[in-house]
Amino acid sequence: MSDDSTGSVKFTRKDFQSDQEVRWCPGCGDYSVLTAVQLLLPDLDVAPENTVFISGIGCSSRFPYYMNTYGIHSIHGRAPAVATGVAIARPDLDVWVITGDGDALSIGGNHLIHTLRRNVNLTIILFNNQIYGLTKGQYSPTSEVGKVTKSSPLGSVDFPFNPLSVALGAEASFVARTHDMDRNHMTEMFRRAHDHRGAAFVEVYQNCNVFNDGAFAEITSRDSRESMLIELRHGEPVRFGENDSLCVVLNEYGEASVAKADEVEASRILVHDEKRRDPSVAFSLSRLAEHPTQPTPIGVFRAVERLVYDDELERQLAQASAERGPGNLAELVGSGATWEVSG
Amino acid sequence: MSAHTRDAPPNDAESLTRVVIRFAGDSGDGMQLTGDRFTDVSAIFGNDLVTLPNYPAEIRAPAGTIAGVSSFQVHISDHDITTPGDVPNVLVAMNPAALKANLGDLSSGATILVNTDAFVDRNLEKAGYDTNPLEDGSLDAYTIFEIPMTSITKKACEPLGVKPRDAERSKNYFALGLISWMYSRPTEPIVAWTEEKFAKKELVRDANIAAFKAGYNFGETAELFDHPFEISPAPLPAGHYRNVTGNIATTYGLIAGSQQARLPMVYASYPITPASDILHELSRHKNFGVRTMQAEDEIAAAGVAIGSSFAGQLGVTATSGPGVDLKGEALGLAISLELPLVIVNVQRGGPSTGLPTKTEQSDLMLAMYGRHGEAPMPVLAARSPSDCFDAAFEAVRIALKYRTPVMLLTDGYLANGSEPWLLPDVDTLPDISVPFTTEPNDGDEFLPYLRDPETLARPWAVPGTPGLMHRIGGLEKEDGTGNVNYDPDNHDHMCRVRAAKVAGIASDIPPLEVNGADGDELLVLSWGSTWGVVDAGVRRARTRGHNVAHAHLRYLNPFPENLGAVLSAHPKVLVPEMNLGQLSKLVRAEFLVDAQSLTQVRGVPFHAEEIETTILEMLDE
């Protein structure tokens with residue numbers, strides 16, 4: 001922490017680091033997410049004491065222990081619920097949810113979708129490594145069909161969730177995707193998510209180098225990014241590849257697909273609009289790649305404003321107090337028909 | 001009628017000391033409203049009373065069938081009573097199914113008022129009658145009044161321009177009017193309530209009032225009845241009264257707790273019978289700073305409440321047994337986080353979905369032990385509808401002071417039943433606020449699990465407090481620092497210290513009071529909603545000259561410090577419960593006492609007579 005010349009307090013990365021030794025496996029993608037968050041927070045102009053990290057269970061959910069903020073490492077899948085409690089009780093706090101693909105999409109799927117539709121003011125970071133790491137290598141709800149794991153020796157027969165499609169289907173007002181190999185992009189997505197008023201959902205493609213190494217390597221490695229990652233930028237045509245030779249177009253049904261830029265009319269190239277109220281184009285984009293082995297969009301898919309649950313709750317409280325005055329206990333217990341018994 | 005005296009008062013009304021009336025009809029017939037109104041007017045009149053609503057789980061079970069019968073029993077008296085009455089003296093039966101479903105509960109000689117219009121072939125068949133009981137002599141043991149309630153109601157509503165089909169729905173008001181005449185109730189409160197309730201539906205309002213007056217006048221003019229009855233006001237302690245159900249009293253107790261702790265409440269719950277009324281009522285009182293949230297499920301409700309407590313508010317959730325099953329893991333988390341939390345369990349019949357609308361006390365073991373690991377939690381139980389206020393307030397106090405989840409057990413009978421409530425002087429409620437920690441507690445450091453040596457409670461430092469940032473979780477932690485710790489000795493210590501913290505509450509609660517004397521041959525030990533009926537059963541045994549003591553437990557965990565001494569002061573111990581013997585198992589295990597169990601799980605309260613009979617049998621042995 002340091003005072004700048006204007007007298008306002010500036011925090012540093014160190015202010016957000018706890019004294020606990022970080023205990024993820026060496027080489028885990030979680031480290032880079034932690035670093036990105038710890039580097040970003042001093043920039044956000046919020047104090048550590050006004051920041052809360054809530055997690056569920058899983059490798060990524062150890063995250064709060066490493067942050068010198070307030071935090072709860074809660075129970076499997078329930079982080080969005082616990083975080084909702086913090087957020088509605090204290091709208092003055094910055095509340096983050098740290099979760100994984102098993103935590104958020106399997107055991108906690110219900111809480112995730114309802115938190116998104118309510119639009120509780122939370123920043124939700126989902127570490128998607130497409131595997132159960134903490135329990136040592138079972139397939140997850142985002143693992144591909146056919147995946148051979150300890151619990152699926154003949155290949156998984158579970159069809160996976162697409163986390164962004166789930167979030168968009170659940171009426172999320174802010175939806176973004178990033179990956180653990182690009183700190184700048186991660187930082188930008190986390191910043192945007194933090195600044196969004198309402199529930200912000202960020203999926204991070206995160207490498208589990210022990211149980212699912214290289215799951216995203218075909219799109220996130222330094223030399224493949226240009227041709228495999230499609231960076232969405234609001235208001236710009238969706239183009240990628242060497243010399244922007246590739247682009248995304250929508251067909252007459254609104255389905256997105258990749259085309260060669262020189263084979264389609266410029267007007268047919270999709271111009272990204274994250275503020276579009278109708279989520280169907282964002283939904284199409286979320287499904288452009290069936291697997292993270294095909295050209296995959298990253299960036300902010302959707303960022304729209306709508307009523308925020310905690311704000312509305314506050315508004316109702318204020319309205320009730322304005323209309324009826326502050327609660328009077330004696331009047332409350334004595335409400336309705338009463339009578340007097342004289343001694 | 002069994003309970004009347006022979007001296008007729010000058011106004012021709014015959015005086016009774018008490019009467020038990022049961023209104024019964026189809027679940028669409030408005031019997032709950034009828035019972036509620038009769039209860040309210042009796043309360044205002046000054047009688048003591050206890051009610052017992054009983055209705056099917058289905059919103060509209062097939063009309064005319066036994067399964068669809070809804071009833072409301074009210075016991076009114078001119079003296080202090082504690083039960084809704086074992087046996088109704090009067091049954092109002094709106095259709096054959098209502099008659100059939102309730103006849104078995106009546107004693108011979110009881111009065112039955114039947115709506116003859118409903119005794120047609122189709123309804124008789126639906127109720128399973130081969131012949132019309134009004135004609136086949138099967139009701140000879142009762143005093144039957146046959147009244148065409150539907151057709152008189154229709155006729156009374158005719159001048160108002162109400163369609164006959166709509167008018168028919170006011171027949172419950174006819175019954176209410178008739179019973180009001182029979183028991184000399186004032187008409188004004190019912191008319192006034194109806195005018196307000198149906199202010200926006202003028203035709204319904206007018207039809208109901210017309211039907212009510214028609215019923216009242218029918219009593220006065222028809223030659224069926226020679227005279228009305230009257231039940232004088234009961235000599236209740238002086239003060240200001242209202243009638244209250246357990247769920248409403250619970251709500252007020254929680255709000256009072258929040259006010260006296262100077263902490264806003266966050267109440268999260270998922271709709272479940274019979275606890276939903278707490279959510280409904282709290283939602284109406286946002287001006288007390290109560291944030292209510294209808295969560296997506298029971299687990300989320302518990303999670304939201306825990307998050308709110310972490311954030312420095314009073315986290316509360318309520319549910320019934322199936323919801324407690326689901327919340328179990330979150331309750332374990334709250335025990336591990338050592339945060340305040342109040343969980344109200346409005347018990348109902350189980351297992352599984354069980355009997356959603358019927359009462360039971362079968363979640364005691366669930367409250368005590370229904371979590372994995374060594375997970376001790378204070379448990380309290382309310383004894384009567386109005387007592388839910390005090391019990392809820394006490395649950396809040398303990399949760400805050402000891403930073404622990406507390407389970408308050410009520411049940412379906414308490415939740416929906418009502419009684420007159422001597423309003424508390426809220427200015428005398430204690431201040432139960434607890435200070436937040438705002439400074440480091442170990443040199444420059446803040447240790448989130450550095451305990452108060454007396455209460456063993458850990459400090460409560462809430463987000464927003466500079467310098468006290470800390471992380472807590474469900475993993476085992478080192479005492480003091482709160483850091484994750486898997487050391488065997490530390491875990492052993494933490495399990496014991498969490499147990500000691502809860503056990504230590506025993507020194508902060510009143511000793512168990514005994515109604516009776518040491519050396520009385522038999523002690524009846526009760527908990528929860530059986531208080532009233534056990535009290536009545538014990539009184540009956542005493543009037544027969546037996547020395548019987550009664551002790552009632554509010555605190556189930558920890559037990560009052562003197563419970564062992566109380567048990568050993570009596571040669572015989574009887575534990576009546578609406579389960580298959582849960583408290584008796586606990587006291588047998590804890591105190592090596594040969595407690596005898598009296599149990600039933602019929603979904604309705606015990607009868608005082610059952611208690612009395614068992615007492616007499618045990619004394620005979």
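Over the alpha carbons of region B:435-508, what is the largest minus smallest coordinate on each principal axis, giving the biggest first in Å?
Rounded to whole Å, the extents work out to 32, 32, 21 Å.
Relative to the compact globular guide of 2.2 N^0.38 Å, what is the alpha carbon radius of gyration of chain B, as a ratio? If you can, show how the numbers build up before the last one.
Working: Rg = 26.6 Å, N = 621, 2.2 N^0.38 = 25.3 Å.
Cα-based Rg divided by the globular estimate yields 1.05.
Give a residue-ordered list of calculated ³J(HN,Hα) values for region B:99-116 (Karplus: 6.51 cos²θ - 1.76 cosθ + 1.60, θ = phi - 60°; whole Hz; x for Gly, Pro).
5, 5, 5, 10, 4, x, 7, 8, 8, 5, x, 5, 8, 10, 9, 10, 8, 5
How far is helix A:109-118 tilted, in degrees, relative to the longest principal axis of the Cα atoms in chain A, given as a value from 0 to 90 rounded to the nearest 10?
Result, in degrees: 70.
Which of A:Ser61, A:Ser143, A:Ser321 moves most in a GNM of chain A, Cα contacts under 10 Å?
A:Ser321
Please list the non-local residues whose amide H lies under 5 Å from the amide H of B:Leu553, H modeled 1.01 Å from N, same-chain partners needing a gap of 5 or more.
So B:Leu553 has HN proximity to B:Ser526, B:Trp527, B:Gly528.
Can you give the angle from 0 to 90° between the axis of helix B:531-543 and the longest principal axis of chain B, with both taken from C-alpha atoms, to the nearest 10?
70
From the phi angles alone, apply the Karplus equation (6.51, -1.76, 1.60; θ = phi - 60°) to region B:147-158 and give each ³J(HN,Hα) in whole Hz, x where the residue is Gly or Pro.
With the stated coefficients, region B:147-158 comes to 10, x, 5, 5, 6, 5, 4, 4, 5, 5, 8, 3 Hz.
Enter the angle in degrees (range 0 to 90, nearest 10) between the Cα long axis of helix A:30-40 and the first principal axis of the Cα atoms of chain A, meaning the one along which they spread out most.
Taking Cα atoms only, the helix is inclined about 60 degrees.
Lys and Arg at +1, Asp and Glu at -1: add these up for the other residues within a Cβ distance under 15 Å of B:Pro189 and post the number. Please report the intermediate quantities before stating the final value.
On the way: positive: B:Arg37, B:Arg185, B:Lys197, B:Lys213, B:Arg242; negative: A:Glu340, B:Asp36, B:Asp40, B:Glu188, B:Glu195, B:Glu196.
Every neighbour counted, the sum reads -1.
Looking at the square roots a ≥ b ≥ c of the eigenvalues of the Cα gyration tensor of region B:514-620, which shape do they give, rounded for a/c under 1.5, prolate if a/b is larger than b/c, or oblate? Don't skip to the answer; put the middle values down first.
Values: a/c = 1.57, a/b = 1.09, b/c = 1.44.
Oblate is the answer for region B:514-620, as a/c is 1.5 or above yet b/c matches or exceeds a/b.
In whole angstrom, how far apart do the alpha carbon centroids of region A:75-93 and region A:53-67 sit?
14
Which order results if A:Tyr139, B:Tyr402 are arranged by neighbouring Cβ count within 10 Å, fewest first?
Details: A:Tyr139 26, B:Tyr402 23.
Ordered by Cβ neighbours within 10 Å, fewest first: B:Tyr402, A:Tyr139.
Quote the charge dipole size of region B:513-621 about the Cα centre in Debye, to the nearest 20; the model charges only the Cβ of Lys and Arg (+1) and of Asp and Glu (-1).
In debye, rounded to 20, region B:513-621 gives about 260.
Please work out how much length the chain gains when fully extended from B:Ala199 to B:Ser507, using 0.36 nm per residue of separation minus the C-alpha to C-alpha distance, in nm with one decimal. Don't jump to the answer; show the numbers that get you there.
On the way: separation 308, 0.36 × 308 = 110.88 nm, distance 5.35 nm.
Residue separation times 0.36 nm, minus the Cα-Cα distance, leaves 105.5 nm.
Kindly write out, for region B:304-321 in residue order, the coupling ³J(HN,Hα) from the Karplus curve 6.51 cos²θ - 1.76 cosθ + 1.60 (θ = phi - 60°), rounded to whole Hz, with x marking Gly and Pro.
Karplus-based 3J(HN,Hα) across region B:304-321 equals 4, 5, 5, x, 5, 5, 4, 7, x, 10, 8, x, 9, 9, 9, 6, 10, x Hz.
Exceeding 27 Å between C-alpha atoms, which entries from my cross-link table qualify? They are B:Lys126/B:Lys171; B:Lys100/B:Lys154; B:Lys197/B:Lys286; B:Lys154/B:Lys200; A:Lys10/B:Lys401; B:Lys126/B:Lys201. Walk me through the numbers before you get to the answer.
Details: B:Lys126/B:Lys171 20 Å; B:Lys100/B:Lys154 25 Å; B:Lys197/B:Lys286 23 Å; B:Lys154/B:Lys200 21 Å; A:Lys10/B:Lys401 37 Å; B:Lys126/B:Lys201 33 Å.
Table pairs above 27 Å Cα-Cα are A:Lys10/B:Lys401; B:Lys126/B:Lys201.
Using the alpha-carbon centroid of each, what span in Å lies between region B:183-233 and region B:476-491?
68
Give the separation of the Cα centroids, region A:224-294 to region A:130-189, in Å.
Distance between centres, Cα-based: 21 Å.
Need one value for B:283-296: mean number of C-beta atoms belonging to other chains within 10 Å of its residues' C-beta atoms.
6
Based on Cα coordinates alone, diagonalise the gyration tensor for the protein assembly as shown, multiply each eigenvalue by 5, take square roots, and list the semi-axes in whole Å, largest first. Can you show the working numbers first?
On the way: eigenvalues 718, 243, 122 Å².
Working from the Cα gyration tensor, I get semi-axes of 60, 35, 25 Å.
Amide H of A:Glu236 versus every other amide H placed in the peptide plane: which residues, excluding those fewer than 5 positions away on the same chain, fall under 5 Å?
A:His272
Set the Förster radius R0 to 60 Å, insert the Cβ-Cβ distance between A:Phe159 and B:Thr221 as r into 1/(1 + (r/R0)^6), and round the FRET efficiency to 0.05. Kindly include the intermediate steps, with their values, before the conclusion.
Working: r = 75 Å, r/R0 = 1.26.
Calculated value: 0.20.
Is it possible to state the helix-based mean residue ellipticity at 222 nm for chain A, with each DSSP H run of 4+ residues giving -39500 (n - 2.57), the sum divided by total residues, to the nearest 500 deg cm²/dmol? What is it?
On the way: 10 runs with 88 residues, N = 343.
Theoretical 222 nm ellipticity from helices: -7000 deg cm²/dmol.
Taking the number of other C-beta atoms within 10 Å as the exposure measure, put B:Arg542, B:Arg37 in order starting with the fewest. It would help to have the intermediate numbers written out before the result.
Details: B:Arg542 18, B:Arg37 25.
Going from least to most buried by this count: B:Arg542, B:Arg37.
Expected output is a single nm value to one decimal: the length gained when fully extending between B:Asp297 and B:Glu521, i.e. 0.36 nm times separation in residues minus the C-alpha distance. What is it?
Numbers: separation 224, 0.36 × 224 = 80.64 nm, distance 4.94 nm.
Gain on extension, B:Asp297 to B:Glu521, equals 75.7 nm.
Report the full-extension gain for the segment B:Leu160 to B:Asp121: residue separation times 0.36 nm, less the Cα-Cα distance, to one decimal in nm.
On the way: separation 39, 0.36 × 39 = 14.04 nm, distance 3.06 nm.
Stretched fully, the B:Leu160-B:Asp121 segment lengthens by 11.0 nm.
Counting other beta carbons within 10 Å of each residue's own, what order do A:His179, B:His552 fall into, fewest first?
B:His552, A:His179
Considering only DSSP states other than H, G, I, E and B, which chymotrypsin sites (Phe, Trp or Tyr not before Pro) in region A:234-285 qualify as loop sites with at most 10 other Cβ atoms within 10 Å? It would help to have the intermediate numbers written out before the result.
On the way: sites: A:Phe240, A:Tyr253, A:Phe283; in loops: A:Tyr253.
Counting only loop positions with at most 10 other Cβ atoms within 10 Å, the chymotrypsin sites (Phe, Trp or Tyr not before Pro) in region A:234-285 are A:Tyr253.
Just so you know, all these numbers are worked out from the coordinates, no wet-lab data involved. Just so it is clear, the model here is predicted, and its values are computed rather than measured. Backbone-built Cβ (ideal geometry, glycine too); neighbour counts: all protein chains shown.
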